[in-house]
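Just below is one structure, and these are the notes that go with it.
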Amino acid sequence: MTSNHRKPRFNMLTAALCSLTLLGAVPVQAASTSFPILQATSSGEVKADYYIPSTVDNISWGFLPNRDSRPIMTVPSGSTITFDTISHEGLLEDQGRNPEEYFGSFGIRPDQVLNDAKAIAASELPHDFDKDGPHVVTGPVAIRGAAPGDVLKVEVLSLIPRVPYGVISNRHYKGALPGEFPENDGSLEGASAAHPERYQNVSTFTPVEEINGKLYGVLPIESGGRVRFPLKPFMGLMGVAPDTSEKVSSVPPIETGGNIDINELGVGSTLYLPIQVEGGLFYTGDPHFAQGDGEVALTAMEASLRGTFRLTLLKKGDPSLPRNELTQPFGETEDYWIPVGLDPDLDEAMKEAVREALGFLNEKLGMDRATAYAT
């Protein structure tokens, strides 16, 4: 069934699942590419209305903004904003919390490591590897006039790789096969940033190659040769602040967005987010170069992106809203509508995604619910 050349797509997310992709375990040296290292810049060097770097003052590590968070700036509806986002891979304690040293072990020069990543890792920001989320979260940004009950329309305008490499990791007790992978004895006593090898986690350095103007991630095969896969960047983490004063982990997706990891939300996509607090408080992070439909090893190809978004405030009753009452994220691309289901239980998340799809088809396309269910 189609309408306006778009097909409904069911997307099921759970609060218990984070990022999951395929893994290699053999180190490989960085490939050369023609695109430059995009170090943090000035607002005059970007085309958006506003620019936000991932400085120590502009980020949180492992937690999302909440209703008490102070916005780093306030912008009018319709503004375009460029964020220089940072991947957590290479910064985390099981990799030594020293990205210059970590990436240097794969042949990356110090000037090819992002300065903002080095500053965050070297800072005194508290981060508990075992208890906190891994993600570097940039923001929040307040939208002038945003109030609870409104919806924030987020259009993804541009996503540019900041470095020609990334990392795919598999960590103990995570992913689709916890206890089976990684295939070693697991975290050992005394594991820390000073002794990252004791975690026994597996992180695979993944360089980027440029072939005929297109970018590919490259993984080695133990028997020889390499596997290439095309880059398809997207932001794994986009959201607005939930109405709570409690600390909110960056790991599970929530009703106002967060770590939703929908790989269709690349350039040209739109995400609708229900606003719960004054100003909305938009944030982003967890940049990905590529991801399959599942991230079974725990992560996608994690790597830093320069992302540009248009943020537009929609009031109740706006005809462009995908639902009459939007209570959780809803995505849209040129090809798909993306209803979302959220629940710690995957079966319940699936049911919720179906309910959202039925509601959308009924409200927006005028399809009776029985026919919508039959399609």
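With the other protein chains left in place, how much accessible area per residue, in square angstrom, belongs to the chain at a 1.4 angstrom probe? Roughly 44 Å² per residue, with all protein chains present.
Rounded to the nearest 500, the 222 nm mean residue ellipticity of the chain from helices alone is -3000 deg cm²/dmol, with -39,500 (n - 2.57) taken per DSSP H run of at least 4 residues.
For the cross-link pairs 316/351; 47/364; 174/351; 131/153; 315/351; 47/153, which exceed 30 Å when the distance is taken from alpha carbon to alpha carbon?
Check vs 30 Å cut-off fails for 47/364; 131/153.
With the chain treated as a Gaussian network of Cα nodes joined by springs under 10 Å, which of 121, 300, 48 yields the largest mean-square fluctuation? Maximum fluctuation in the GNM of the chain, among the listed residues, is at 48. Computed over the chain with a Gaussian network model linking Cα atoms closer than 10 Å, the most mobile of 194, 147, 349 is 194. Scalar couplings 3J(HN,Hα) for the stretch 194-206, obtained by applying the Karplus form with A = 6.51, B = -1.76, C = 1.60 to θ = phi - 60°, are 6, 10, x, 5, 6, 5, 6, 7, 10, 10, 10, 5, 10 Hz; x denotes Gly and Pro. Karplus-derived 3J(HN,Hα) values for the stretch 249-256, using 6.51 cos²θ - 1.76 cosθ + 1.60 with θ = phi - 60°, are 4, 7, 7, x, x, 10, 5, 9 Hz; glycine and proline are entered as x. Per atom type, the chain shows carbon and sulfur on 49% of its accessible surface, probed at 1.4 Å. Inverting the pair-averaged 1/r between distinct Cα atoms of the stretch 167-294 gives 17.6 Å as its Kirkwood hydrodynamic radius. Electrostatic tally near residue 40: other residues with Cβ closer than 14 Å to its Cβ, Lys and Arg +1, Asp and Glu -1, net -2.
Couplings for the stretch 340-348, taken from phi via the Karplus curve 6.51 cos²θ - 1.76 cosθ + 1.60 with θ = phi - 60°, read 10, x, 10, 5, x, 8, 4, 5, 5 Hz in order; Gly and Pro are left as x. The H on the amide N of residue 51, modeled in the peptide plane, is under 5 Å from the matching H of 82, each at least 5 residues off or on a different chain.
Could you identify which residue out of 365, 38, 311 has the top mean-square fluctuation in a GNM of the chain using Cα springs shorter than 10 Å? Looking only at 365, 38, 311, the largest GNM fluctuation is found for 365. So in the stretch 143-290, what percent of DSSP beta bridges are antiparallel if you round to the nearest 5? Given both bridge residues lie in the stretch 143-290, the antiparallel proportion sits at roughly 95 percent.
Would you compute the Debye intensity of the stretch 198-273 from its alpha-carbon atoms alone, equal scatterers and no solvent, and pass along log10 I(q)/I(0) at q = 0.11 Å⁻¹ to two decimals? Once normalised to I(0) and log-transformed, intensities are -0.50. By the Cα gyration tensor, the chain has an equivalent ellipsoid whose semi-axes, rounded to whole angstrom, run 33, 24, 21 from largest to smallest. Amide H contacts of residue 88: 136, each under 5 Å away and 5 or more positions distant or on a separate chain (H built 1.01 Å from N in the peptide plane; Pro and chain starts excluded). Mean projected area of the Cα convex hull of the stretch 251-327, taken over all directions, amounts to 6.1 nm².
The values are calculated or read from the model by the stated rules, or taken from the named source; none is laboratory data. All values reported here derive from a predicted model rather than from experimental measurement. We place every Cβ from the backbone using ideal geometry, glycine too, and count neighbours over all the protein chains shown. Note: areas computed on protein heavy atoms with side chains; ligands, DNA, RNA excluded. Shrake-Rupley method; radii C 1.70, N 1.55, O 1.52, S 1.80 Å.
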